[in-house]
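Working notes, structure below.
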Amino acid sequence: MLERIDRVQLVVADRTAAAAHYHELLGAEVAREDESEYLGASRTVLALGESEIELCQPEGPGRARRHLDEHGEGLFAAGASTRDLVALEARLRSLGQRPVHDGHQLCLDPQPGFGLRFVLSSFSQREPADSKGPESKGPESKDRGPISFLYEVTNTLVSDWRTASAFYSGLFGLDPTRFSEIGSKRFGYQGTLTLFDPPGRLDRIELSQVVDPKSAMGRFVAKRGDSLYMSYVETHDLQNLIERLDAAGARWTPRGETREEEQDGLWVHPSALHGLLLGVSRTTVAWEWSGRPELVSAS
């Protein structure tokens, strides 16, 4: 029943400053501002390609304040969209879940055993934000930015990934025959990609069970347990993104051997994006590790 990984929510200390950094590095534009009673926060929603980033600043006691106090700035919730939010809510309630309405969204507190918090929205086909448009509230920009869309959130696990896969399949009506198993010696995990609609789209929850406690993921789950770890985006202009990151002095790591020769992707360090570890892959290249390498186009 899930259509897209359409957003992530971050808790930040200063949403205005964070929005400026996201504009500078990723070309994100302010789409709207509102308040979240569920979070106890004021919120700036950024358009990032076809997707959105919600920057949530605590305005008193509540979920956002507790997260900021306990963990600092960073990822709070994974966001997904559906074509029938009413039907999805009915399904969740039939399974014993208690989604909370927050404006036009449904919110699910961290799932028992797997630690992933969700914000669910009605699907809408978004065009990339035009930074030259009169409705833009962000700093001036010459283009729409290098990011195409979000497509992945990563659930790092101490728990067994197969159990988590079965749980999410039942919760959201996903088809396990479409999933693609994954594993990485480099990053010390094994698991699966819960692909929603392959080969049409890359959207998925990545379930990564840590098998190397000395890895970065291993150190993270040692502190946080099962939790939301990072997100991934696709870019249509990797070189533009690299130029933005370098101009701002932001930390990033190439997928390949050297920064100078990188053409396929990178990871942006959380210190650059207010606690968000962001993976980036060029157009179609993520199919290489998503079960359909024949869909990767030449760079």
Residues with amide H under 5 Å from that of SER148, placed H, sequence gap 5 or more: GLU234, THR235, HIS236
Candidates SER121, SER184, SER36, ranked by Gaussian network fluctuation over the chain, Cα under 10 Å, top entry: SER184
Answer label for Kirkwood radius over Cα pairs in Å (calculated), chosen among [x] 19.4; [y] 18.8; [z] 21.8: [x]
Tensor-based shape of segment 63-131 (alpha-carbon gyration tensor, a/c under 1.5 rounded, otherwise prolate or oblate): oblate
Residue-averaged 222 nm ellipticity for the chain, from DSSP H runs of 4+ at -39500 (n - 2.57), nearest 500: -6500 deg cm²/dmol
Convex hull volume of segment 150-257 per residue (C-alpha atoms, cubic angstrom): 129
Qualifying GluC sites (Glu not before Pro) for segment 248-289 [loop in DSSP, other Cβ within 10 Å: at most 10]: GLU257, GLU260, GLU261
Selected from THR156, THR258, THR283 as most flexible by GNM, with the chain as the system and alpha-carbon contacts under 10 Å: THR258
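Read the figures in this text as sums done on the coordinates, not as results from a lab. In this text the structure is predicted, and so the values were computed from the model without any measurement. Backbone-built Cβ (ideal geometry, glycine too); neighbour counts: all protein chains shown.
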